[in-house]
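Chemist: Sharing a structure below in structure tokens format, with a few things to ask.
The values are calculated or read from the model by the stated rules, or taken from the named source; none is laboratory data. Since this is a predicted model, take the numbers as computed values, not measurements. For neighbour counting, all protein chains shown are included, and Cβ atoms are generated from backbone atoms with ideal geometry for every residue, glycine included.
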Amino acid sequence: MQLKIFLQILLWGGAQCFLPPSVSPQTRYINSDLLLSKLNTLKAIEGEDEERFWLGKVSNVKRRNFLRLVSSVVGSTVPFSLQSPAVASATNSVETIAIPQFTNQMSWPIGKVAFSLLPLAGTGTRRATVEEVIIPGQIWTHDQIQGVVNVNVPVRQTVIKLSEAAGGGLWIHNPVAPTQQALGMVRKLEKEHGPVRHIILASAALEHKATFGPFASKFPNATVWIQPGQWSFPVGLPIELLGVTQRGAKLRQLPNSVTGEVEPRYRYYSDKLPTPEWVIDIDYETLGPFKFKSVGAYSETVFFHKPSETLLVTDCVVSVTKDPPPIIQEDPRAMLFHARDRADDVVIDTPETRQKGWRRMVQFGLVFFPSQIDVVPAGEALIEASKVQPSMRPLGEGAVPFSLYPWAWHDNDADKQNFEQISQNGKLFCPPILTKLILDREPKRTIEFVDRVVARFKFKRVITCHLNNNVIAGPKEFKEAFDMLTSDPKTGLIKPQRPLPEDLALLQKASDLLTQFGVVDVSRVCDGEPARIVGRFASRKS
């Protein structure tokens, strides 16, 4: 039953791909009357036949009829022009959601979809950039969004002005997409503080690597520094084939913070110039690479800016509070989309509504399948989508095909307690996808890394690449974020994960399956957690 959600999302994402190119993401919707007439027959596969259908046990005739109906639904999609707020307010009983301006300054057309058949936010849709001054004249951040099905989170680059002793100019950590808007912000900083001299890729993760090459190519005189452990699938490709144009002494790998070693292909220039000049201002510690048994790797470097006592991280810790970050508020449609309990709900744009939507986006983004939702069967979800109020249709445009909302949240804001358990008023934590699938396979090496960071760097703020920015925290809070990795199932010592156990059900199931199929090694710390025996994927009784 629960596996349906994945099939449904792929089907709906795939259907979006078949729409005519002339119909832009900003002008798609479903003809309600036509859709209703086509979907009434879907009830034939609901009820007692529904489970058998999703498991592939119904007849080929029923499958063919279902797919034929879906195809006709796609064909019923027609373009329309969004009304201006004044006109829409006159014709609808609810307020029309304002749509932010989309100009070529915010465009980065790398393609409509990525990772799967799902439309990826900011890759063919609007990709705005928000600048925040962390320390005037010294540190700035630039936020954009990334996400699928309106589950958007910030992705963040940090710009630091180097001292003259460190070579001067600008040092950029994990660059975002080089939209005209983002580049304009950096060019302005260059005029005031000197040229971009160093660009750092501090992770092996796709979302940072995808924008690194295109951004670095805009600054050909800068030296780029590559995180160890880079990989690609199905064929291992050098970083030069991923958009990086720098060569020779300007193409470097970050030396291992403990051994000083680099991979053989980077050794020539590393031997000549073993220590980056910027280390006078910015020290670092390396985590990994942790190579998976089948394919892939995790690797990250954290940086300590000495003058400001600031720690820069990519993914290993985050912080989240009830207030959405500025880049999420810049276009509130995703928050309002998720603030609905059900597809046909009508919401008003208020601070409280935005907070409600944001907390649900966070739950989807961190645990993927929150325990406080029920999946809506495919046919019912399509029918409900046809009933969405015209004023609510813009909430999903360019992100969610056909105004679909294939789940329902439990009543009375039941998910609020789940979010508060994750948030804990912004206390740092290690994301569960790392503690359940990656770092729990290498707890000893991870804790050794944490101990080095805590011992060497006396920081008072943390800038992460996702969720909250400019987090006031020090070594103590950083160390506590990894506490669950000190669990010892052999002795019965189990430290709790940040989310509630029922919210970790999907990640626990994924962990078990990936271990079973030999993709990753066995978890060293997670056996004994209650995530296996509670929630929708419970597979073993205590």
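Chemist: If Leu395 passes every condition in (1) outside any helix (DSSP H, G or I); (2) within 22 Å of the chain's Cα centre (by Cα) but one, which one does it miss?
Modeler: All conditions pass for Leu395, except number (1).
Chemist: Being hydrophobic (A, V, I, L, M, F, W, C) and under 30 Å from Trp407 (Cβ atoms) is the filter here, so list the residues in segment 129-159 that pass it.
Modeler: First pass over segment 129-159, keeping only residues hydrophobic (A, V, I, L, M, F, W, C): 130, 133-135, 139-140, 145, 148-149, 151, 153, 155, 159.
Within segment 129-159, Val130, Ile145, Val148, Val149, Val151, Val153, Val155 qualify.
Chemist: Among Glu192, Glu164, Glu131, which is the only one that is surrounded by fewer than 22 Cβ atoms within 10 Å (Cβ to Cβ) and in contact with a strand residue (DSSP E or B) (Cβ under 8 Å, 6 or more places away or on another chain)?
Modeler: Details: Glu192 fails: in contact with a strand residue (DSSP E or B) (Cβ under 8 Å, 6 or more places away or on another chain); Glu164 fails: in contact with a strand residue (DSSP E or B) (Cβ under 8 Å, 6 or more places away or on another chain).
The conditions single out Glu131.
Chemist: Out of curiosity, is Ile472 under 20 Å from Thr321 (Cβ atoms) and among the β-branched types (Val, Ile, Thr)? Before you say what the answer is, go through the steps one by one.
Modeler: On the way: under 20 Å from Thr321 (Cβ atoms): yes; among the β-branched types (Val, Ile, Thr): yes.
Criteria met by Ile472.
Chemist: Right, next: Taking only pairs six or more apart or across chains, which ones have beta-carbon atoms under 6 Å, a first residue in segment 265-291 that is of a type in the set (A, V, I, L, M), and a second residue that is surrounded by fewer than 17 Cβ atoms within 10 Å (Cβ to Cβ) and assigned to a helix (DSSP H, G or I)?
Modeler: Close Cβ pairs (under 6 Å, with a partner that is surrounded by fewer than 17 Cβ atoms within 10 Å (Cβ to Cβ) and assigned to a helix (DSSP H, G or I)) amount to Ile280/Ala165.
Chemist: If I go through segment 218-232 residue by residue, how many of them are modelled with pLDDT of 95 or more and of a type in the set (Gly, Ala, Ser)?
Modeler: Of the residues in segment 218-232, 1 are modelled with pLDDT of 95 or more and of a type in the set (Gly, Ala, Ser).
Chemist: When residues of segment 173-216 are filtered for being at pLDDT below 95, in a loop (DSSP other than H, G, I, E, B) and out of contact with any Lys or Arg (no Cβ under 9 Å at 6 or more places or on another chain), how many remain?
Modeler: Residues meeting the conditions: 2.
Chemist: Does segment 400-411 contain any residue that is at pLDDT below 90, more than 25 Å from Gln497 (Cα to Cα) and outside any helix (DSSP H, G or I)? Can you show your working first?
Modeler: Start the filter on segment 400-411 by keeping residues that are at pLDDT below 90, which leaves 400-403.
Those left that are additionally more than 25 Å from Gln497 (Cα to Cα): 400-403.
Those left that are additionally outside any helix (DSSP H, G or I): 400.
Within segment 400-411, one or more residues are at pLDDT below 90, more than 25 Å from Gln497 (Cα to Cα) and outside any helix (DSSP H, G or I).
Chemist: If Gly426 meets every condition in (1) modelled with pLDDT under 95; (2) in contact with a Ser or Thr (Cβ under 9 Å, 6 or more places away or on another chain) apart from one, which number is that one?
Modeler: If we test Gly426 against (1) modelled with pLDDT under 95; (2) in contact with a Ser or Thr (Cβ under 9 Å, 6 or more places away or on another chain), just (1) comes out false.
Chemist: Here's something else I'd like to know. Give all pairs with beta carbons closer than 7 Å in which a residue from segment 503-532 that is part of a helix (DSSP H, G or I) meets a residue that is at pLDDT below 90 and basic (Lys, Arg); count only pairs at least 6 apart in sequence or on separate chains.
Modeler: Short answer, once both residue conditions are applied: Ala505/Arg536; Gln508/Arg532; Arg532/Arg540.
Yes/no matrix, rows are residues, columns are (1) touching a His at 6+ places or on another chain (Cβ under 7 Å); (2) modelled with pLDDT under 85; (3) outside any strand (DSSP E or B); (4) not acidic (Asp, Glu):
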{"residue": "Ile97", "(1), (2), (3), (4)": "no, yes, yes, yes"}
{"residue": "Val133", "(1), (2), (3), (4)": "no, no, no, yes"}
{"residue": "Thr141", "(1), (2), (3), (4)": "no, no, no, yes"}
{"residue": "Gln157", "(1), (2), (3), (4)": "yes, no, no, yes"}
{"residue": "Ile160", "(1), (2), (3), (4)": "yes, no, no, yes"}
{"residue": "Ala165", "(1), (2), (3), (4)": "no, no, yes, yes"}
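Chemist: When Gln180 is evaluated against the numbered criteria (1) surrounded by 22 or more Cβ atoms within 10 Å (Cβ to Cβ); (2) touching a helix residue (DSSP H, G or I) at 6+ places or on another chain (Cβ under 6 Å), which criterion, by number, is the only one it fails?
Modeler: Only one criterion in (1) surrounded by 22 or more Cβ atoms within 10 Å (Cβ to Cβ); (2) touching a helix residue (DSSP H, G or I) at 6+ places or on another chain (Cβ under 6 Å) is unmet by Gln180, namely (1).
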